[in-house]
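One structure below.
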């Protein structure tokens with residue numbers, strides 16, 4: 001089933017009635033059952049890989065059946081398999097970019113008060129120090145000073161990796177974000193890393209498309225979402241579809257309810273790195289997984305080669 005552009009908003013407004021849909025460029029919309037046969041999933045790995053932004057949700061995503069964990073695997077199955085991943089997580093922030101050089105990164109349980117079984121999860125993926133080194137060189141060539149340290153994988157990294165690559169057989173390196181710097185800085189970081197996509201490396205930003213924990217209601221149902229969440233995400237996704245980079249980088253001034261959706265913007269900064277790593281004429285795929293706890297939208301973006 002494919003829907004015209006004019007039907008996009010209606011479907012978005014009724015996403016819970018229709019179930020999970022993946023929206024390609026907001027005009028060609030496929031249910032998951034059709035997406036499983038979509039041809040772009042068969043692209044050879046050595047072609048330019050897509051860059052991704054993932055809303056990693058709560059740490060309980062791997063163990064809570066009420067959360068959309070399986071959809072991450074469905075998305076991964078339709079993407080070319082990377083030789084390695086370079087991950088930028090909202091949960092590792094430093095004054096300047098730092099690459100992780102660990103050959104066997106630890107699984108960091110950087111959260112408190114959750115069920116014991118969550119702390120028992122290990123994600124023993126190999127590190128990718130060679131990717132970290134290449135990233136540092138590319139950033140340096142772009143005038144962005146970078147440090148290195150043997151950092152482990154925080155939950156913003158290992159939770160989506162576990163759901164997308166459960167066998168832990170894809171090497172992964174992390175690159176820190178700079179919470180005190182703006183969207184433009186992170187876009188430039190992504191732009192410096194763009195050529196990694198031609199070398200079998202998938203650049204992934206992991207955060208949350210809306211993230212205001214003070215406004216969250218942990219007893220709310222998905223249909224109880226604050227309508228302002230959709231107003232913000234609709235604006236953001238329309239600008240992504242139009243490739244309106246200037247407006248996106250100025251989102252805190254231009255987007256409706258921007259400061260409410262992101263009182264601090266560390267959970268949105270990774271999307272700008274993924275956007276910077278994308279081609280100028282990228283094709284956008286939107287995987288909308290609903291809004292949880294009233295204010296936390298779960299949406300993933302794939303920036304593919306045209």
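Evaluation of residue 227 against the conditions (1) without any contact (Cβ under 8 Å) to a residue 24 or more places away in the chain; (2) crowded, with 19+ Cβ neighbours inside 10 Å shows that the sole unmet condition is (2).
Being modelled with pLDDT under 90 and closer than 30 Å to residue 174 by Cα is a description that applies to residue 20.
Let's see how each residue does on (1) touching a helix residue (DSSP H, G or I) at 6+ places or on another chain (Cβ under 8 Å); (2) part of a loop (DSSP other than H, G, I, E, B):
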{"residue": "95", "(1), (2)": "no, yes"}
{"residue": "99", "(1), (2)": "yes, no"}
{"residue": "102", "(1), (2)": "yes, yes"}
{"residue": "112", "(1), (2)": "no, yes"}
{"residue": "118", "(1), (2)": "no, no"}
{"residue": "131", "(1), (2)": "yes, no"}
{"residue": "137", "(1), (2)": "no, no"}
{"residue": "140", "(1), (2)": "no, no"}
{"residue": "144", "(1), (2)": "yes, yes"}
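Would you please name the residue that is modelled with the lowest pLDDT, looking only at residues in region 68-88 that are touching a strand residue (DSSP E or B) at 6+ places or on another chain (Cβ under 7 Å) and under 16 Å from residue 156 (Cα atoms)? Across region 68-88, the extreme among qualifying residues is 68. Restricting 61, 75, 86, 54 to residues that are surrounded by fewer than 24 Cβ atoms within 10 Å (Cβ to Cβ), in contact with a helix residue (DSSP H, G or I) (Cβ under 9 Å, 6 or more places away or on another chain), in contact (Cβ under 8 Å) with a residue 40 or more places away in the chain and outside any helix (DSSP H, G or I) narrows the list to 61. Assess whether residue 246 counts as being in contact (Cβ under 8 Å) with a residue 40 or more places away in the chain, in a helix (DSSP H, G or I) and either more than 20 Å from residue 291 (Cβ to Cβ) or in contact with a helix residue (DSSP H, G or I) (Cβ under 8 Å, 6 or more places away or on another chain) (or both). Judged against the criteria, residue 246 is not a match. Remark: pairs (first residue in region 124-146, within 19 Å of residue 178 (Cα to Cα); second residue surrounded by 20 or more Cβ atoms within 10 Å (Cβ to Cβ) and at pLDDT below 95; Cβ separation under 8 Å; 6+ apart in sequence or on different chains) are absent.
Taking (1) modelled with pLDDT of 95 or more; (2) surrounded by 15 or more Cβ atoms within 10 Å (Cβ to Cβ) in turn, residue 118 satisfies each apart from (1). Could you grab me the full set of residues in region 192-215 that are within 23 Å of residue 258 (Cβ to Cβ) and either touching a strand residue (DSSP E or B) at 6+ places or on another chain (Cβ under 6 Å) or outside any loop (DSSP other than H, G, I, E, B) (or both)? Residues satisfying the conditions are 205, 206, 207, 208, 209, 210, 213, 214, 215.
Scanning region 266-306 for residues that are in contact with a helix residue (DSSP H, G or I) (Cβ under 7 Å, 6 or more places away or on another chain), closer than 14 Å to residue 232 by Cα and at pLDDT 95 or above turns up just one, 299.
Taking the criterion of being over 20 Å from residue 89 (Cα atoms) and part of a helix (DSSP H, G or I), the only residue of region 260-286 that qualifies is 260. Just to be sure, is residue 168 in contact (Cβ under 8 Å) with a residue 40 or more places away in the chain, part of a loop (DSSP other than H, G, I, E, B) and on the phi > 0 side of the Ramachandran plot? Yes: the conditions hold for residue 168. Considering every residue within region 198-206, establish whether at least one is in contact with a helix residue (DSSP H, G or I) (Cβ under 8 Å, 6 or more places away or on another chain) and surrounded by fewer than 23 Cβ atoms within 10 Å (Cβ to Cβ). The answer is yes; a qualifying residue exists.
The values are calculated or read from the model by the stated rules, or taken from the named source; none is laboratory data. Just so you know, these numbers come straight off a predicted model, no measurement behind them. As a convention, Cβ positions derive from the backbone with ideal geometry for all residues, glycine included, and neighbour counts pool all protein chains shown.
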